[in-house]
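Beneath this line is the structure, given in structure tokens, with notes to follow.
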Amino acid sequence: MDIEEDYYTIDPLKIKRALTFRTKAIVPVYIYGQPADMDPILEIAERYNLKVIEDCAQAHGATYKGRRVGSFGNMACFSFYPTKNLGVLGDGGIVVTDNEELAKKASLLREYGWAERYVSHLTGWNTRLDEIQAAILRIKLRHLDEDNSKRVYLAEIYKRGLEETGLTLPRKREGSTHVYHLYVVRSTKRDRLLKSLRTGGAIASIHYPVPVHLQPAYKDLSCRSDLLKTERIVKEIISLPIYPELIEADAEKIMKMIKEIIE
Ligand SMILES: Cc1ncc(COP(=O)(O)O)c(C=O)c1O
């Protein structure tokens with residue numbers, strides 16, 4: 001399903017057209033740290049009896065109309081990969097739900113489908129979050145909002161500094177907060193910009209160079225030709241460095257480099 005041009009999240013207007021008798025759930029991905037437009041998505045889910053699974057992997061702590069992400073769907077998934085807004089020192093993640101039955105099933109699946117020790121009732125996996133990582137998260141969680149505020153502050157610096165450059169800057173949805181897991185701008189001269197920034201020592205990258213429906217593994221998906229916006233935008237995106245520890249002077253240096261490259 002294609003995205004909203006301004007926010008890069010799933011376009012609710014495209015959902016109905018994509019539904020088939022096999023559709024079971026909608027999975028809004030809060031890409032780059034901004035919630036999708038949840039009101040129309042939840043309305044469609046209710047009308048067509050679909051589940052909603054929020055992908056909050058990039059949006060820990062973000063809000064939509066005053067409510068934290070992770071509290072809208074039947075389930076929500078958070079990644080704690082080290083680079084995420086809330087990350088561990090290895091790999092980790094969590095599934096949250098307010099449905100007891102789903103919670104029970106998820107906790108079975110997480111550990112070999114065990115309902116009791118050494119007895120599998122479902123074909124599960126080993127996806128346990130180990131205790132060391134959990135302990136790290138307990139501490140880091142206390143700093144999440146403060147870390148997100150630093151990201152927002154840096155995003156404002158980029159916005160002020162890059163406004164006149166002709167780059168397409170990230171837009172924040174009215175009524176939502178954005179936690180800037182990534183600060184993604186768009187340029188028709190993206191490849192030159194990326195190369196020169198990297199040569200100059202800046203950690204710029206592309207998230208992501210190949211959209212899901214064009215991944216070789218999914219080449220048979222039927223929606224291939226319907227994602228024209230995604231296919232156009234993917235050629236223009238470039239992620240600028242953003243993380244709580246990034247100092248203002250480095251953001252200024254990066255903006256100076258950008259101006260020299262594209263002007
Ligand atoms: C939007 C999004 N969804 C899902 C994932 C998968 O998370 P994990 O690597 O923790 O399984 C990621 C991680 O990169 C992500 O960015």
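What follows draws every value from the coordinates through simple rules; no lab data is involved. Just so it is clear, the structure is predicted and the values come from calculations on it, not from any experiment. Cβ sites come from the backbone with ideal geometry, for glycine too, and all protein chains shown count toward neighbours.
Values as computed for the structure displayed
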| item | result |
| --- | --- |
| Fluctuation leader among Arg186, Arg151, Arg138 - the chain, Gaussian network, Cα springs under 10 angstrom | Arg138 |
| Segment Glu43-Val27, length gained on full extension (0.36 nm per residue, minus Cα span) | 4.4 nm |
| Net charge over other residues, Cβ less than 14 angstrom from the Cβ of Leu141 (K, R count +1; D, E count -1) | +2 |
| MRE, 222 nm, helices only [DSSP H, n ≥ 4, -39500 (n - 2.57), over the chain, to nearest 500] | -10500 deg cm²/dmol |
| Estimated FRET transfer efficiency when R0 is 25 angstrom, pair Tyr118-Asp91 (beta carbons, to 0.05) | 0.50 |
| Partner lysines for Lys140 [C-alpha distance under 20 Å; skip if fewer than 8 residues away on the same chain] | Lys84, Lys150 |
| With eigenvalues of the C-alpha gyration tensor scaled by 5 and rooted, region 12-141, Å | 27, 21, 11 |
| Normalised per residue, the volume of the convex hull around the Cα set of the chain (Å³) | 156 Å³ |
| Gap separating the Cα centres of region 59-123 and region 160-194, nearest whole Å | 30 Å |
| Those chymotrypsin sites (Phe, Trp or Tyr not before Pro) in region 50-126 that DSSP places in a loop and that have at most 13 other beta carbons within 10 Å | Tyr118, Trp125 |
| Where the Cα pairs of region 122-178 fall when distances are cut into 5 Å bins, in % | 4, 13, 14, 14, 12, 10, 10, 10, 7, 3, 1, 0 |
| Max mean-square fluctuation residue, GNM over the chain, Cα-Cα springs under 10 Å, options Arg68, Arg232, Arg171 | Arg232 |
| For region 12-141, with +1 on Lys and Arg beta carbons and -1 on Asp and Glu, the positive-most of Ser79, Ala103, Pro28 along the dipole | Pro28 |
